[in-house]
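Remarks on the structure that follows.
The values are calculated or read from the model by the stated rules, or taken from the named source; none is laboratory data. Predicted model only: the values in this text are computed from it and were never measured. Heads up, the Cβs are rebuilt from the backbone with ideal geometry, glycines too, and the neighbour counts pull from every protein chain shown. Ligands, DNA and RNA are stripped out before the accessible areas are found, and what is left, the full protein with its side chains, is counted by its heavy atoms. Shrake-Rupley method; radii C 1.70, N 1.55, O 1.52, S 1.80 Å.
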Amino acid sequence: MIRNKLHLTYTTTGCRSINDFPVLTFKIGTGQTKNDRVWLTKKKDYYEKTWKKSGQKILQKIEDTCGDTFTDPSKEKGIQIILYKKTAQTRYGNLKENNPLEISLYLSKTDNTNTAKELLIRMLVHSFIWQQYEYRFRNREQTLFEDILADEYIAAIATFTVLGRKLGRANCAKALEQAVEGTVYRLSQKQTQNKLVDLLYNFFQEEKTKTKKSQNLLEKREELIQKLLTFLPKTIETDF
């Protein structure tokens, strides 16, 4: 979550020029079979037609919902959306922590237009949040819950708001469910798991060499938490 920046309210900012927003381009990812490329091309055509018709309105709603604007790099370079076939190993999308302007979107052949639209908006919200970190707020240390759980929850709530859904108890509960699911998924990836295991192992090995006395694990709790909080934001992949 971006402190003092993400406000879950919608405000009318008036008519703006298309140049005030990043340009989105859609392409199909490599490695697809001929059959997959056929239906992915149809999804791509849908996105392009929808974006030409209402893309500017969607981007402005994202800005109004989050209480800030898309960054200058996104307006200068644009945002690229690469479409892939969803598999058992992928969720609905990902973007790398240091490149929020390239989104990989994973789709199923059976996704209807409402689902496809929601998935795109959700990833654009994630991109918006990470643009703020990458281009505006990198001088401030981030934390585990700010980078992962809170961002997942804010992205879900912002997506519902942009789609015009009321933020009643049911949708807040659904947003929390999505946030918990996303957080568990991101922390359960093999690469991340290995890094966490290495950190924990090295931490206790270092403590073991300091003293031969029995360790009081509760006394080490805060120190361990601090190591985890500084470790994860700098190395974890932003996969959703």
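Which of the strands (runs of 3 or more DSSP E) contained wholly in segment 70-150 include at least 2 residues that are of a type in the set (A, V, I, L, M) and at pLDDT 90 or above?
Details: elements: 79-85, 93-96, 99-107.
Correct list: 79-85, 99-107.
What single numbered condition from (1) among the charged types (D, E, K, R); (2) in contact with a Leu (Cβ under 9 Å, 6 or more places away or on another chain); (3) at pLDDT 80 or above fails to hold for K174?
Here K174 clears every test but (2).
Looking at (1) under 16 Å from the mean Cα position of the chain (by Cα); (2) open to solvent by 40 Å² or more (accessible area, probe 1.4 Å), can you tell me which one N202 breaks?
With (1) under 16 Å from the mean Cα position of the chain (by Cα); (2) open to solvent by 40 Å² or more (accessible area, probe 1.4 Å) applied to N202, the lone miss is (1).
What's the number of the condition T30 fails, among (1) at pLDDT below 90; (2) closer than 24 Å to T113 by Cα; (3) surrounded by 15 or more Cβ atoms within 10 Å (Cβ to Cβ)?
Tallying (1) at pLDDT below 90; (2) closer than 24 Å to T113 by Cα; (3) surrounded by 15 or more Cβ atoms within 10 Å (Cβ to Cβ), T30 fails exactly one: (3).
Which pairs turn up if I take residues in segment 69-92 that are closer than 19 Å to L119 by Cβ and look for partners that are of a type in the set (V, I, T) and open to solvent by 50 Å² or more (accessible area, probe 1.4 Å) with beta carbon separation below 8 Å, at least 6 apart in sequence or on another chain?
I79/V23; I79/T25; Q80/T25; I81/T25
Please enumerate the residues belonging to segment 163-177 that are open to solvent by 10 Å² or more (accessible area, probe 1.4 Å) and part of a helix (DSSP H, G or I).
Step one: filter segment 163-177 for residues open to solvent by 10 Å² or more (accessible area, probe 1.4 Å), giving 163-174, 176-177.
Of everything in segment 163-177, those that are open to solvent by 10 Å² or more (accessible area, probe 1.4 Å) and part of a helix (DSSP H, G or I) turn out to be R169, A170, N171, C172, A173, K174, L176, E177.
Restricting to segment 34-63, and then to whatever is open to solvent by less than 10 Å² (accessible area, probe 1.4 Å) and not aromatic (F, W, Y), can you tell me which residue is farthest from the chain's Cα centre (by Cα)? Spell out how you get there, then give the answer.
Taking segment 34-63 and keeping what is open to solvent by less than 10 Å² (accessible area, probe 1.4 Å), we get 40, 47, 55, 59, 62-63.
When the remaining residues are screened for being not aromatic (F, W, Y), the result is 40, 55, 59, 62-63.
Numbers: L40: 22, G55: 19, L59: 16, I62: 14, E63: 16 Å.
Selected residue: L40.
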